[in-house]
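To start, the structure itself, in C-alpha cells.
Each value in this text was obtained by applying a stated rule to the coordinates, not by laboratory testing. All values reported here derive from a predicted model rather than from experimental measurement. A quick note on method: Cβ atoms are made from the backbone with ideal geometry, for glycine too, and the neighbour counts reach across all protein chains shown.
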Amino acid sequence: MSDFRLKPQSFLDLILTAPANEMSSLISSHLTDEVVWDVAYPVERLSGKTHVLEAFFEPLRSAFSHVRRRNEIFIGGPNRRAPGGHWIASVAHYVGNFENPLFGVLPSDHLAFLRSGEFYRIEPDGRISEAKIILDLIDLMRQANRMPLPGMLGTEMLFPGPATHDGVLPLNQGDGERTLDLCEAMLADLKAYDPNTFTSKGQTGENGYWHDDMLWYGPGGIGSNYRWSGFEKDHRAAFLTAFPDRVGGDHYCRIGDGNYAAVSGWPSMTMTHKVDYLGVAATHKALTLRVMDFYRCAGGKIMENWVLLDYLDLFRQMGRDLIAEQC
C-alpha cells in the first residue's frame, strides 16, 4: 500500500519553490475543487483553489524571499474524531528573508522562521480537501522586534525539532494508536485541576503521563519551558488563573503515527476571562481558543509537546488588535 503522506508532503514543498506560472497547475492537481482552508486570524476561511492560491501561498512567497518549508514533524493517520478520514499533521517553519508585509505583520528585512501548525484532510486520491493552519504571527513579530505582548512567561525561542530527529514521515516506530491512547488519557485527566497548586491527577510521578524531563514548546507570548514545574510556573498558573473555567478537548482531529500524536480543535477551548492576562485587564467575556498539540512519546511517557494557539484571535475577542499594536 502506498504511503498517503508522500503526495501532500511533496506538494507543500513544491508550491513554494515552483515557478510562478506553475503554481495554478500544482494547486489544481493537489487540492479538491471545494477545498476549505481555515487559517488563524486574520486570514480566516478561504474557499476554493483560487482563493487558497491568492490569499495564502502567494502572500507567503511575496513576504519571504526564496521561501522554503522546513518540516519538524510530518505525520499521518486515521482520524478518531468526526469527520474521520485520513489526516496529515505537521509542525513546520516557513524560512526566508522577511522582506514584505505578511497578513499585516511588518517585515524585518532579515532571516525569519515563521512557525506553523497544520492539519490536512487527505482524500483517497491524495488530494487535500480541508486544511486547518495556525501561523504564529506573534512570534514573527517578536523576531522582527515588534513584539506586542509583555515578556513575562516562558522562554521565547525557535521551535526545535524532536530530540530524536525522526518526526518527519516516521517509520517502524510501533503503534501510533497506542501513542494516541496515552495522549488522550492525559488530556482527559488534565481537565480537572487543583485551583491552589494547578496540578491534575496522574500527570507526573512514576506512573504519570509525562516524563520527568518533559519539554513543552509554546507559541509566541507564552514561550517554552522545561519539566512539569516549569510548565506550571511559566504557563499553566497564569493561564488557569485568568481562565479558571476553561474547558478543552473539543477536537475535530486526533491521529497517531508511530511515537507521535497530534490533536486539534477549531475551537478546542471555551472559557471566561476572569483575571488579568498578558497585560489585558479581565474582560469577563466568554472566549474561544483554537488549539493544536503535537506530541512525541517514548517508553509510555510524553517527552515533548509542541503547541500552537491562535492568540491573535483570542486577543481580538478581548478587544485587542495585536497586529495594529506591533511596535
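Listed values, structure above:
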item	result
Simple spin-label estimate for residue 237 and residue 100 in nanometres, 7 Å along Cα-Cβ	4.6
Taking 285, 274 and counting other C-beta atoms within 10 Å, the order from fewest to most	285, 274
q = 0.09, 0.17 Å⁻¹, the range 88-226: log10 I(q)/I(0) [Debye, one scatterer per Cα]	-0.39, -1.20
Calculated diffusion of the range 196-300, Stokes-Einstein form, Kirkwood radius summed over Cα pairs, 4 °C and 1.567 mPa s, µm²/s	86
Kyte-Doolittle mean at least 0.0, axial Cα span of 18 Å or more - DSSP H helices of the chain	176-190
Residue exposure sequence - 2, 24, 224 - by fewest surrounding Cβ within 10 Å	2, 24, 224
Loop GluC sites (Glu not before Pro), the range 138-225, which have at most 13 other Cβ atoms in a 10 Å radius of their Cβ (DSSP)	206
Loop trypsin sites (Lys or Arg not before Pro), the range 186-242, which have at most 16 other Cβ atoms in a 10 Å radius of their Cβ (DSSP)	191, 201
Interchain or long-range residues, amide H under 5 Å from residue 174's placed H	none
Sum of -39500 (n - 2.57) over DSSP H runs of 4+, divided by residues of the chain (222 nm, nearest 500)	-5500 deg cm²/dmol
Potential extension, residue 280-residue 70 segment - 0.36 nm per residue separation minus Cα distance	72.2 nm
Using a Förster distance of 41 Å, the FRET efficiency for residue 213-residue 14 (Cβ separation, nearest 0.05)	0.60
Label-point gap, in nm, between residue 47 and residue 108 - each point 7 angstrom along Cα→Cβ	3.7
Within-10-Å neighbourhood charge of residue 167 [Cβ basis; K, R +1; D, E -1]	-3
Net charge of Cβ neighbours under 12 Å - reference residue 12; Lys, Arg +1; Asp, Glu -1	+3
Relative intensity, log₁₀ I(q)/I(0), of the range 6-143 from a Debye sum that treats every alpha carbon as a point, q = 0.11 Å⁻¹	-0.37
Spatial separation of Cα centroids for the range 201-219 and the range 6-24, in angstrom	38
Proximal charge balance of residue 308 [Cβ under 11 Å; K/R count +1, D/E count -1]	-2
Subset of 201/301; 132/201; 191/301; 233/274; 201/233 violating a 21 Å alpha-carbon distance limit	132/201
Sorted by Cβ density within 10 Å, fewest first, the residues 102, 187	187, 102
Between the range 111-184 and the range 231-277, the Cα center-to-center distance that results, in Å	15
Once the Cα gyration tensor of the chain is diagonalised, semi-axes √(5λ) in Å	29, 25, 18
